[in-house]
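Student: I have a structure here, written as structure tokens, and I will follow up with some questions on it.
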Amino acid sequence: MPNEDSPTPSLEGTESGEGRPRLSATLFRVCLLLTLLCFLFGVYRYSDYLLDDAFISLRYARNLIEAQGLVFNVGERVEGYTNFLWVMLGAALLGGGLDPVAGLKAFSLAAALLLIWSTSRLERLGRKARWMTGEGTEPRAPADSPSWAIVFLLPLPAFAYWACTSMETMLFVSLFLLFLYLGFRETILGRGNTSTLVAVLLALTRPEGVYFFLLGVSSFVSWEWLGRGRVKVRRMLLRLILFGLLYGTYFTWRLLYYGQLLPNTFYAKVTGGSDQFLGGLQYSLSWALSFPLLAAALAAPAFLFKTSGKRRHSLFFPVWIVALGVAIYPIAIGGDSMPFHRFFLPLLPLAAVLLAWLPEEMKGRAPRPMANLKGPTLSLLVVLLLALHIAAGWLGGGAGAAFVAHRIATVGRLAGLYFSQSTSPDSILAVNTAGALPYYSGRRAVDMLGLTVREIATQSRYLDLPGWSGHQRGWGDYVLSRRPDVILWYNSAGLADPHYLGDRQLADNPYFRFFYVLRRTDLAPPGGVSEDDERRLGRFLGTPFGSNPEGRPFLLRDLG
């Protein structure tokens, strides 16, 4: 039984021992239904959206099953992907004759369901841990409380969007939350090592999974120290050794195969310097403005939380430390250019769990007006905060970026099909969008931003501009040395004016001006333009995709 100092959960449907009102179970069910409808609408809206970078992974997967090696261009061993496990899933779909885009979207949706389950279990484990009776037994509480963290997570468009993409982001986040839940549970029970196996899958999904694994292990150790005053060093070392042996085997293989300590994308995107750090700060500020309630939940513990004897079994502090560690990563690398703050996605479920735990942590520390809130007033406040939370998420600006990203990939597919028919098999394309266009063209491609080209990624010159993560590299002379048959400035639709560093270097090169001429080509998919294509893409006919005075829905401007 809990002692007299033990705080009781405040988000259940019964009265507390102190006579304080709690949020009713009916209110929870109404809020859950509302947020579930928001999630289903988000899935409906984004289910057919594409991302250009997803096709980089698929190009590696296709070359693998065609026995050409795990490469972007045949004969060039460059690690231009950061999602080994996801590439293997794509290869399995291609090898089975299935649509890889639809298959990977299905994997993302399944991962979203796993994330919902893991988030709920972590939240409830934190509530139960307060009634922990001893090592080796499952923590127990009077009853399972409703999972308010799911209510805060489900309505966010960022969650729905990444649940529908053919990229590895949702799988990575779901494995991370599963790792944390299993790790804390195993630490409480004093047995099991399933969490370490999940951490290996996490690190195979994205390389920063190694950093997230170390964050998790640190949080398990801190919880043991705070809760029991001692740490089982043997268990911690066993986790590290098992992870090191399994992941180390893969790391040794990729080091021998590619010859680089880190993926080539790291060298292409991370430039260092104050502008990169400034870009990361801008990225984090943009995230906080899009998710103010979750950002407030992350900031509140710095002012409200205090470790004490009666809170020694709380998971709040260790999970908060993990959340801060997760937030540092995108700031350190300068942010990201993907829609809906991709690198901050792991923060969403963590912040939602902390927000659900926060009322219990604030007991006795909340301002008097908040402490005296009655049942109806408290319910109204929760509804208003949830409404603002949903509105901020949907008005945060990610929807426009997601649509533009979808259009780039869609036009890239059409351009790739065009070049597959209008160029010879040995042709070389120089592009700034290395996904759908090279994938559907089947031609050798030079990525002028350097994601899949080692020489450009390690070139010392780059644009020193904050907020341009992944778009700062370029080397026009190297591009010309490859003698491409077609050069497209800017994106998959091309542009008559130079945009990126490589474009500008080419424009200043006299050899380029002498040997290459500007060509315009009307581009339509095989069989003509469908109504769906015209509806989706016709809205964005102006900059940056070129003017279209004839009113045609597709226009390709290529340099060749």
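Read-outs: derived from the displayed coordinates by stated rules, not from any lab. Everything quoted here is computed from the prediction, not taken from an experiment. Here the Cβ is made from the backbone with ideal geometry for all residues, glycine too, and neighbour counts use every protein chain on show.
Student: List the extent of the Cα atoms of region 422-472 along each of their three principal axes, largest first, rounded to whole Å.
Tutor: Reported extents, whole Å, longest axis first: 38, 20, 13.
Student: Quick check: convex hull over the Cα atoms of region 24-113, volume per residue in Å³, rounded to an integer?
Tutor: 106
Student: Under the 0.36 nm per residue contour assumption, what length would be gained going from the current alpha-carbon distance of Leu518 and Leu463 to full extension?
Tutor: Extending this stretch completely gives an extra 17.3 nm.
Student: Restricting everything to alpha-carbon atoms, can you work out Rg to Rh for region 480-526 with a Kirkwood hydrodynamic radius?
Tutor: With Rg and the Kirkwood Rh in hand, the quotient comes to 0.98.
Student: On to the next question. Take the Cα atoms of region 371-509, build their convex hull, and give its volume per residue in Å³. Write down the numbers at each step before the final one.
Tutor: On the way: hull volume 22.0 nm³, N = 139.
About 158 Å³ per residue, rounded to a whole number.
Student: Calculate how large, on average over all directions, the projected area of the Cα convex hull of region 143-223 is; give the answer in nm² to one decimal. Each step should come with its number before you reach the end.
Tutor: Numbers: hull surface 26.0 nm².
Computed as one quarter of the Cα hull surface, the answer is 6.5 nm².
Student: Just the Kirkwood number for region 29-72, please: inverse of mean 1/r across all distinct Cα pairs, in Å, one decimal.
Tutor: 13.2
Student: Which order, highest average first, do 434-440, 275-281 follow once you tally other Cβ atoms within 10 Å for each residue and take the mean per peptide?
Tutor: The packing order, highest mean first, is 434-440, 275-281.
Student: Just from the alpha-carbon atoms, what are the Rg and Dmax of region 156-275 in angstroms?
Tutor: Final numbers for Rg and Dmax: 16.6, 46 Å.
Student: Give the Rg/Rh ratio for region 388-460, taking Rg as the radius of gyration of the Cα atoms and Rh as the Kirkwood radius, to two decimals.
Tutor: Checking Rg against Rh, the ratio lands at 1.18.
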